[in-house]
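What follows is a short report on a single structure.
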Amino acid sequence: MILAIDAGNTRCKWALFDPKASVVAEGSWLNEALADSVLPACWQEAKRIVVSNVAGLVASRPLLTLFEQLKAPVHWVHASHAAAGVFNSYQPPEALGSDRWAGLIAAWQHYRAPCLVVSAGTALTVDMLGRHEQPSGGEFKGGTISPGFRLMHQALLQNTDGIRTLPGMWRTAPTNTGDALYTGISHAMAGSVLLQWQQMKTLPELDPAIVIPCVLTGGDAELLRQALVQAQADMPITIDASLVLRGLFYLERECL
């Protein structure tokens, strides 16, 4: 069994995988509650542990306390030049977030074809996954980072005098501040994805006729999917809530 842990900026997610990549058990904690968490009994079944941590000490300290109760070796993932069939063009390669790296690897293992990998969480990352010159390989071609839904909302609350309300809902023509916030932020997120999708279609190595799917993950994936549908985005859209965790599994399996 491989235990995969994705410590993000807001939540710490985990999944226990069997050798066939099936999820045996899974769960999550808010980072603020991580220090008070109790070791899940099923973690004792893990033979290896693989971790992506972009939350820093707020996640690593309580996780290390939990790991002291286990005998399995722990692998803290960092991006590299190449792994699990994916080549990394980030400069330098190790500066790419470990969660983005794992998401790209999971997407390539699933599709084996160019796609857009989007994580809608605290931050919104939109990454282009294309083909490498090696026939069976994928390659991270580049991507963007921008604030996610809640960060954009917080920035407006903190830096404007006239906005002191929670977001409402999506509207074709918002007529109150709450709906205007929700719709405007949703449009900004969808626009970031659509612009990067258009950029990806111009990559010289891609056939212009190819259909480029969009893989969404993260806590606001469904919100973003709805925004893309409202924008009439002409792309296949899939939500994969366990994308990063599965990528971590593939990375660790490669080490066996």
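The values are calculated or read from the model by the stated rules, or taken from the named source; none is laboratory data. Bear in mind that the values here come from a model prediction, so they are computed numbers and not experimental data. Heads up, the Cβs are rebuilt from the backbone with ideal geometry, glycines too, and the neighbour counts pull from every protein chain shown. Keep in mind that these areas ignore ligands, DNA and RNA; they rest on the heavy atoms of the full protein, side chains included. Shrake-Rupley method; radii C 1.70, N 1.55, O 1.52, S 1.80 Å.
Per-structure values
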quantity: Sum of side-chain charges, GLY142 neighbourhood, beta-carbon under 12 Å (Lys, Arg +1; Asp, Glu -1); calculated: 0
quantity: For ARG112, solvent-accessible area (1.4 Å; no DNA, RNA or ligand), Å²; calculated: 110 Å²
quantity: Under the Karplus curve 6.51 cos²θ - 1.76 cosθ + 1.60, θ = phi - 60°, whole-Hz ³J(HN,Hα) for region 130-135, x wherever Gly or Pro sits; calculated: x, 8, 8, 5, 6, x
quantity: Prolate/oblate/rounded call for region 186-246, Cα gyration tensor, a/c under 1.5 rounded; calculated: oblate
quantity: Of the DSSP H helices in the chain, those whose Cα atoms cover at least 18 Å axially and whose Kyte score averages -0.5 or more; calculated: 98-111, 177-201, 243-255
quantity: Carbon + sulfur, % of accessible area of the chain - ligands and nucleic acids excluded, 1.4 Å; calculated: 53 percent
quantity: GLU45 accessible area, assembled protein chains, probe 1.4 Å, Å²; calculated: 90 Å²
quantity: Exposure of HIS110 as accessible area (Å², to 10), given a probe of 1.4 Å and all protein chains; calculated: 120 Å²
quantity: Part-to-part distance (alpha-carbon centres) for region 105-120 and region 174-193, which is given in Å; calculated: 26 Å
quantity: Accessible area (Å², per residue) of region 39-138, counting only protein heavy atoms and a probe of 1.4 Å; calculated: 43 Å²
quantity: Charge-dipole axis of region 41-105 as Lys and Arg at +1 and Asp and Glu at -1 on Cβ define it, positive-most pick from LEU64, PHE87, ILE105; calculated: LEU64
quantity: Net charge contributed by nearby residues that have their C-beta within less than 14 Å of MET189 (K/R +1, D/E -1); calculated: 0
quantity: For region 116-256, with +1 on Lys and Arg beta carbons and -1 on Asp and Glu, the positive-most of SER242, LEU157, ALA221 along the dipole; calculated: LEU157
quantity: Anisotropy class of region 1-136 from Cα gyration tensor, a/c 1.5 cut; calculated: prolate
quantity: Antiparallel DSSP beta bridges within the chain, percent to nearest 5; calculated: 60 percent
quantity: For GLY97, net neighbour charge (Lys/Arg +1, Asp/Glu -1) across residues whose Cβ lies under 14 Å away; calculated: -3
quantity: Check: region 203-256 dipole with +1 on Lys, Arg Cβ and -1 on Asp, Glu Cβ, in debye; calculated: 140 debye
quantity: Partner lysines for LYS20 [C-alpha distance under 26 Å; skip if fewer than 8 residues away on the same chain]; calculated: LYS47, LYS71
quantity: Cα-centre dipole for region 1-85 with unit charges at Cβ (Lys and Arg positive, Asp and Glu negative), debye to 20; calculated: 200 debye
quantity: Accessible area of region 143-256 divided out per residue, in Å², using a probe of 1.4 angstrom; calculated: 54 Å²
quantity: Accessible heavy-atom area order of THR10, THR125, highest first, probe of 1.4 Å; calculated: THR10, THR125
